[in-house]
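Have a look at the structure below before the remarks.
Readers should treat all values here as calculations from the given coordinates under stated rules, not as data from a laboratory. If you're wondering where the values come from, they're calculated on a predicted model, not measured in any experiment. Here the Cβ is made from the backbone with ideal geometry for all residues, glycine too, and neighbour counts use every protein chain on show.
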Amino acid sequence: MFEYVWLIPLFPLIGFAINGLLGKKIKNEKIIGGLGTVMVVCSFIVSALILLQLLGLPGEERHFEKTLFTWIQSGNFKADIGFLIDPLSVIMLMVVTGVGSLIHLYSIGYMHGEEGFYRYFAYLNLFTFSMLLLVLGNNLLLMFVGWEGVGLCSYLLIGYYFHKKSAGDAGKKAFVVNRIGDFGFLLGIFTLFWYFGTKFNVWTINFHELALQSHLLSTEATFGVITLVTLFFFIGATGKSAQIPLYTWLPDAMEGPTPVSALIHAATMVTAGVYMIARMNFLYIKAPQTLMVVAIVGAATAIFAATIGTAQNDIKRVLAYSTVSQLGYMFLAMGVGAFTAGIFHLMTHAFFKACLFLGSGSVIHGMHYALHHADHHEHCAHAADVDPQDMRNMGGLRKQMPWTFLTFLLATIAIAGIPGFAGFFSKDEILWQAFANPLHGDLNYVLWGLGAVAAGLTAFYMFRLVFMTFFGESRLIPEAKKHLHESHIVIVLPLVVLAILSVVGGWIGLPKLIGERLGNIPNYFEHFLEPVFANGHVAAAEGAHLSATLEWGLMGTSVLIAVVGISIAYALYIIAPTVPARFVARFPRLYQLVYNKWYVDEIYDFLFVNPCKAFGNFLWKGFDVVVVDGLVNGTAFVVKNTGGGMRYLQTGLVHNYAMTMVLGVVVIVGVYIFR
């Protein structure tokens, strides 16, 4: 099946072409949605077959490259359109196509009746194609094409409701912020190509070739060019994967349709930065200073975004900041050299975060339906003013939407890190590596502390969301409550599949201690990825210098912190639901600070956005209008008025010309006489 790897990105590209060119004429939603979904399912099937074939090979043989044709060739430089198959790319393929297929299926029901239905599925297929190109590309330049492709598609999908100013602004914000990160990515490519070429005569950007030549990099180089290169690439990662300081676009991405939020936040775009660092682990391991920066930024983002999530009332905005926080965990893992743990959390996060976003979409879909029908009654005309995404307008939904509630609850337990669920295994592995990995010395204890506190906040705000949405008394107007019901099977089915994966998805990566207690079950996930990270290996945290008792203790501590977070949420929103309001009344400034996202957007507006706008206005109204237009218009004015004055010499009257000739003769004669 390796030879047919090119089919994986081809299928969604075909779906994009057909729906994009012919969708407006087809009009039938079942055909349009079915085509878009089937194309991604076909990619998933091919990916699964390649995974099975890869599992049948020894670890050292789990590498295959398929070159379609030479793309660019100049001197010693050559870039191919080629695809790389190895354990890392296959895991990403399974996540992108598997979760992506479920999101496409869900979208058929969720987007029913939308005017731009065909346009939505065309964009969704193009998004999937771009992400697959990013994952499969065997060189940095081809990865960058996919990198830019997902950036473009995020702009198109976030701004899908372009008639809404907020959606248009959010799309532009995502596009501009990502361009800042992409500039860093380009600088990384150029600097790496120049350094390897001029110093080692290695003129390549192919991942496999660079990994093979990574032995040329000495530790002395980590204080110079390689540190600079990896930092440049990390700037690109902070843009795509929404880390401090370039995270501000991701919460606003919720302006797009909810399935788009699930696709961006769970399976595709935001994981690109994590994947890129994992793919280039052989460089990052040579730059410990950069890894320290990555770890600090990841830990800081995890706890910073978690604090914001505790005060949000929009159900999708809570999940958006949750995504930023969980991505922080992944970068924390990358920063301590635990590349496998980071990719493991990327996979499990895709399961439960997609389930959470799609579950929130089911709730919003039901709320919209109920409020729309309630609005038909004269005495309920104000129902149109009720925000269907505000959790303060919900409550008690578990009775009307039992399947949505159950799947949402399971995914919430998973993200909270309760033992037995997928999130526990991956998050606990990251916290353990952050504490015990020897890469950054005593700083690791601080990183673990930040991660542990963020885990407690995550458990709190996620169960706050569950309790406000599904428990307590319904805060919907009575007429709307009558129309609230469970979503269609096309929406519920993906939720069930993702909820199951949120429960069992972590068992393929059991920690060593738990695996030994269950009969020496190995960590299949780690063993599968071992060949990819051979060049970027860091001494494992499970070495003999650390006791099993310590690991059990840290594991129990992280679980205890999660339970405390859940208990606080239960006490505040179930037992004593009036306490949060009293807290806000007593500490209004603190609440406003957190609710308004620490005013980071306002600070960015003051420091960067408004000065850039002012400079742009100066170039427009000052330089362009006064200088550029002044020169052009001034030249035209001079020519016009000169011609206007000279036209009086051309009157067309014979006696005027005769008089002019006589005056000319008189002047000439006078000159000669008086000279």
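With unit charges on the beta carbons (Lys and Arg positive, Asp and Glu negative) and the dipole taken about the Cα centre of the chain, which residue among THR651, GLN592, ALA455 sits farthest to the positive side?
Towards the positive end, the residue furthest out is THR651.
Once R0 is set to 30 Å, what does the formula 1/(1 + (r/R0)^6) return for the Cβ-Cβ distance between ALA17 and HIS527, expressed as a FRET efficiency to the nearest 0.05?
In this case the efficiency is close to 0.15.
Give, rounded to the nearest 20 debye, the magnitude of the charge dipole that the chain has about its Cα centre when Lys and Arg contribute +1 at Cβ and Asp and Glu contribute -1 at Cβ.
That gives a dipole near 1480 debye.
How many angstrom separate the Cα center of the range 191-252 from the Cα center of the range 395-451?
30 Å
Taking the Cα centre as origin and putting +1 on Lys and Arg beta-carbons and -1 on Asp and Glu beta-carbons, what dipole magnitude results for the range 425-555, to the nearest 20 debye?
500 debye
Lys and Arg at +1, Asp and Glu at -1: add these up for the other residues within a Cβ distance under 11 Å of GLY159 and post the number.
Net local charge, GLY159 excluded: +1.
Rounded to the nearest 500, what is the 222 nm mean residue ellipticity of the chain from helices alone, with -39500 (n - 2.57) per DSSP H run of 4+ residues and division by all residues?
So the calculated ellipticity at 222 nm is -22000 deg cm²/dmol.
Give the cross-link partners of LYS164 among the lysines, using a straight C-alpha distance below 16 Å as the criterion and excluding same-chain residues fewer than 8 apart.
Result set, ordered by chain and number: LYS172, LYS173.
Stretch PHE623-LYS24 to full length: gain in nm at 0.36 nm per residue minus the Cα-Cα span?
211.2 nm
Taking 0.36 nm per intervening residue step and subtracting the Cα-Cα distance, what contour gain separates ILE180 from VAL632 on full extension?
In short, 159.3 nm is gained.
Nearest 20 debye, what's the magnitude of the dipole of the range 115-188 about its Cα centre given +1 on Lys and Arg Cβ and -1 on Asp and Glu Cβ?
220 debye
Check the straight Cα-Cα distances from LYS482 and name the lysines below 19 Å, setting aside those fewer than 8 residues away within the same chain.
LYS399
Give the lysines whose C-alpha is closer than 16 Å to that of LYS353, dropping any in the same chain fewer than 8 places away, or say none.
Partners found: LYS316, LYS427.
For the range 1-59, run through the trypsin sites (Lys or Arg not before Pro) and keep only the ones in DSSP coil with at most 14 other Cβ atoms within 10 Å of their Cβ.
LYS27
Please give the FRET efficiency for SER474 paired with ASN520, using the beta carbon to beta carbon distance and R0 = 51 Å, rounded to the nearest 0.05.
0.50
Could you grab the relative contact order for the range 408-513? Cα pairs under 8 Å, six or more apart, rounded to a whole percent.
The value is 46 percent.
Taking the Cα centroid of the range 322-353 and of the range 143-171, what is the distance between the two, rounded to the nearest whole Å?
So the separation of the two Cα centres works out to 24 Å.
Give the peptides 326-337, 610-621 in descending order of average Cβ contacts within 10 Å, highest first.
326-337, 610-621
Using a Förster radius of 25 Å, what is the FRET efficiency between ASP442 and PHE587 based on their Cβ-Cβ separation? Nearest 0.05, please.
The formula returns an efficiency of 0.15 here.
Among 628-638, 412-422, 191-201, what's the highest-first ranking by average C-beta atoms within 10 angstrom per residue?
412-422, 191-201, 628-638
With the dipole of the range 182-299 worked out from charges on the C-beta (+1 for Lys and Arg, -1 for Asp and Glu) around the Cα centre, which of VAL260, TRP194, GLY239 lies farthest toward the positive end?
Working it through, the farthest residue towards the positive pole turns out to be TRP194.
Of the options SER154, MET143, SER107, report the single residue whose Cα projects farthest towards the positive end of the charge dipole of the range 106-175 (beta-carbon charges: Lys, Arg +1; Asp, Glu -1).
Positive-end residue among those listed: SER154.
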